[in-house]
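Input: a single structure, listed below in structure tokens.
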Amino acid sequence: MDRRKFIKTSVAGAAGLAAAPSVIAQEVSAGVIIPGEVSTDGKRGNVSADVERHLDVSGYVREPAHRIPVVASADVVVAGGGAAGVSAAVSAARQGASVILVERANFLGGLWTGGLVLPVLATHGKGKKLEWDKATGGICSELCDTLLDNGWAHNPLNPVCDPEPTKYVLEKMLADAGVRILYNSTVAGVVTSGNRIDCVLVDCNTGRIALRCRMAVDASGDGLLFSFAGDPHEARRYHMSTSYRIDGVSSETSYLYRTATPGMRYSPFGSREAIDGLDVFKVSQTQREHRLAIWDKVQEKKKEPGFENIHLMEVAPTTGVRVTRVLDSLHNVTLDESMEWTEFEDVIGMSGMCDPFMYKGRRINHKDRPIWQIPYRSLVPRQTRNLLVAGRCFGYDQGITWDAREISTCLVTGQAAGTAAAMLALPTAPYASARDIDIPELQRRLRAAGVRLEF
């Protein structure tokens, strides 16, 4: 089959159940751990309807019409400066594209750094030839090797990274690649022409501004760009946690999880409740409850012998919302495909194993979980032609949620999306839309960058 036609014609649905961290998940079936799935109607630009699905609306106001100034243009605009966004922006810039990255915080790394989700998991899994095989390469390995070599992370298999050095390394990578960053800036909408995004709208302290682009990458985590553009997607619920760090812990104790900094430990705190991460009231209430409970927890611990000198260093500034919107892509990767060594003609990267889960009545441990391929089609929306999606909101079913949203997978999908976006954005590019990309050429560039594609 012609590979370009292969991309255009392949479509698959989504179903399944998410695997939970450090807990054996229930048998795969829809709506058990993650109830309340909401499918969109795909209406273009119907922003208010998306709010109505998650909040109680008591009325409406009409915003006065106003002109929004176009203040900058770039080949590629990336929404989100987390692991996926940084990987996408760096990859696009290294391919020769001009890039602007939009980030709502004043630092890079998203949940990796701001959420204190410090371990880089799902980098390994069962291989066809090795019992424990490395699935990731490229920017994921580049970042992890830098942090490990400098003593800013420990555990080479699943590096546990200190947040401040990680922020520095990410910042340095973007600076070296020539990426422009807009911090303290939130994606507020898109301006479309037909099935293409002409401008990304951004709210900042200056006011609302517009960024013109040839290609856009949605690495926002919440699917902001594809939601504003009206692409079909699913809203999912998942449990939420807030991580924290303490200092002054004796090196002999096993209390909490070790970081690369002596005496400092970290831990997530939360419940098993499935929360709508797009309900800002519920998320805010949960964050408050977590912050108060963490403080009390640490103060109680200080009363125990040997822990008198510990103190709370930090409660994560970024709320630990795991999943919200997930793209209904040209092909949503399924748990079955990830368990059956499925090979995709349009593979753009691989991921591995996070935590044990149940599959077809059987406990899947680390030695049983295959590394799995990610197809390019899972990054491609059904409607918008110049948009690619990376990170926790690319196309996958609920059964594969835990591995699909890990930092390593975000770095892998980000690198592929950024590389492809650069190919599609350059003035000399012969492609009409993301669906028409030359897959062998994309794969050649990814291999050259150290990305693993084959089992």
Original post:
For region 377-403, what are the residues that are touching a helix residue (DSSP H, G or I) at 6+ places or on another chain (Cβ under 7 Å), of a type outside the set (D, E, K, R) and in a helix (DSSP H, G or I)?
Top reply: L379, G391, G399, I400
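Does at least one position in region 74-84 carry a residue that is at pLDDT 50 or above and over 21 Å from the mean Cα position of the chain (by Cα)? Steps first, answer last, please.
Let us first name the residues in region 74-84 that are at pLDDT 50 or above, namely 74-84.
This time we only want the ones that are over 21 Å from the mean Cα position of the chain (by Cα), so: 74-75.
Looking through region 74-84, at least one residue is at pLDDT 50 or above and over 21 Å from the mean Cα position of the chain (by Cα).
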Original post:
Does S284 count as in contact with a Leu (Cβ under 9 Å, 6 or more places away or on another chain) and of a type in the set (S, T, Y)?
Top reply: no
**OP:** Tally the residues that are among the hydrophobic types (A, V, I, L, M, F, W, C), in contact with a strand residue (DSSP E or B) (Cβ under 6 Å, 6 or more places away or on another chain) and not in a loop (DSSP other than H, G, I, E, B), restricting the search to region 349-371.
**Re:** 3
Subject >> Unmet requirement for G414, which otherwise passes all of (1) under 26 Å from K126 (Cα atoms); (2) out of contact with any strand residue (DSSP E or B) (no Cβ under 9 Å at 6 or more places or on another chain) >> reply: (2)
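Regarding D203, is this residue free of Cβ contacts under 8 Å to residues at least 60 places away in the same chain and assigned to a strand (DSSP E or B)?
Spelling it out, D203 is indeed free of Cβ contacts under 8 Å to residues at least 60 places away in the same chain and assigned to a strand (DSSP E or B).
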Original post:
So which residues in region 71-87 are within 23 Å of T166 (Cβ to Cβ) and in contact with a Pro (Cβ under 9 Å, 6 or more places away or on another chain)?
Top reply: none
**OP:** Check A14, A49, A18 and return the single one that is modelled with pLDDT under 95, of a type in the set (A, V, I, L, M, F, W, C), out of contact with any Asp or Glu (no Cβ under 7 Å at 6 or more places or on another chain) and part of a loop (DSSP other than H, G, I, E, B).
**Re:** A18
Original post:
Just checking, how many residues over region 132-157 are surrounded by fewer than 20 Cβ atoms within 10 Å (Cβ to Cβ) and either over 19 Å from the mean Cα position of the chain (by Cα) or not in a helix (DSSP H, G or I) (or both)?
Top reply: 13
Original post:
Among the numbered criteria (1) more than 12 Å from the chain's Cα centre (by Cα); (2) modelled with pLDDT of 95 or more, which single criterion is violated by D397?
Top reply: (2)
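Which residue is surrounded by the fewest Cβ atoms within 10 Å (Cβ to Cβ), if the candidates are limited to region 330-341 and must be under 21 Å from I437 (Cβ atoms) and touching an Asp or Glu at 6+ places or on another chain (Cβ under 9 Å)? Spell out how you get there, then give the answer.
Taking region 330-341 as the starting set, the residues that turn out to be under 21 Å from I437 (Cβ atoms) are 330-333.
After this cut, where a residue has to be touching an Asp or Glu at 6+ places or on another chain (Cβ under 9 Å) as well, the list is 331-333.
Working: H331: 23, N332: 26, V333: 27.
Across region 330-341, the extreme among qualifying residues is H331.
Table: residues versus (1) crowded, with 24+ Cβ neighbours inside 10 Å; (2) of a type in the set (D, E).
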| position | (1), (2) |
| --- | --- |
| R385 | no, no |
| D397 | yes, yes |
| I400 | yes, no |
| T413 | yes, no |
| A417 | yes, no |
| A432 | no, no |
| R435 | no, no |
Original post:
Within region 217-324, which strands (runs of 3 or more DSSP E) (wholly inside it) include 3 or more residues that are among the aliphatic types (A, V, I, L, M)?
Top reply: 311-315
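So which of V77, V90 ends up being farther than 17 Å from A153 by Cα, among the hydrophobic types (A, V, I, L, M, F, W, C), touching a strand residue (DSSP E or B) at 6+ places or on another chain (Cβ under 8 Å) and assigned by TED's automatic domain parsing to the domain that holds V347? Outline the logic, then answer.
Values: V90 fails: touching a strand residue (DSSP E or B) at 6+ places or on another chain (Cβ under 8 Å).
Unique residue meeting the criteria: V77.
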**OP:** Test S241 against the stated conditions and say whether it is touching a residue at least 40 places away in the same chain (Cβ under 8 Å) and buried (at least 19 other Cβ atoms within 10 Å of the Cβ).
**Re:** yes
Subject >> Whichever residue in region 299-329 is among the acidic types (D, E) and in contact with a strand residue (DSSP E or B) (Cβ under 7 Å, 6 or more places away or on another chain) and, among such residues, is surrounded by the fewest Cβ atoms within 10 Å (Cβ to Cβ) >> reply: E314
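Would you check if there is a residue in region 410-417 being at pLDDT below 95, hydroxyl-bearing (S, T, Y) and not in a loop (DSSP other than H, G, I, E, B)?
Taking region 410-417 and keeping what is at pLDDT below 95, we get none.
The answer is no, given that none of the residues of region 410-417 is at pLDDT below 95, hydroxyl-bearing (S, T, Y) and not in a loop (DSSP other than H, G, I, E, B).
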Original post:
For region 372-400, what are the residues that are closer than 20 Å to C140 by Cα and out of contact with any strand residue (DSSP E or B) (no Cβ under 7 Å at 6 or more places or on another chain)?
Top reply: R392
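The values are calculated or read from the model by the stated rules, or taken from the named source; none is laboratory data. Here the structure is a predicted model, which is why all the values come from computation and not from measurement. Backbone-built Cβ (ideal geometry, glycine too); neighbour counts: all protein chains shown.
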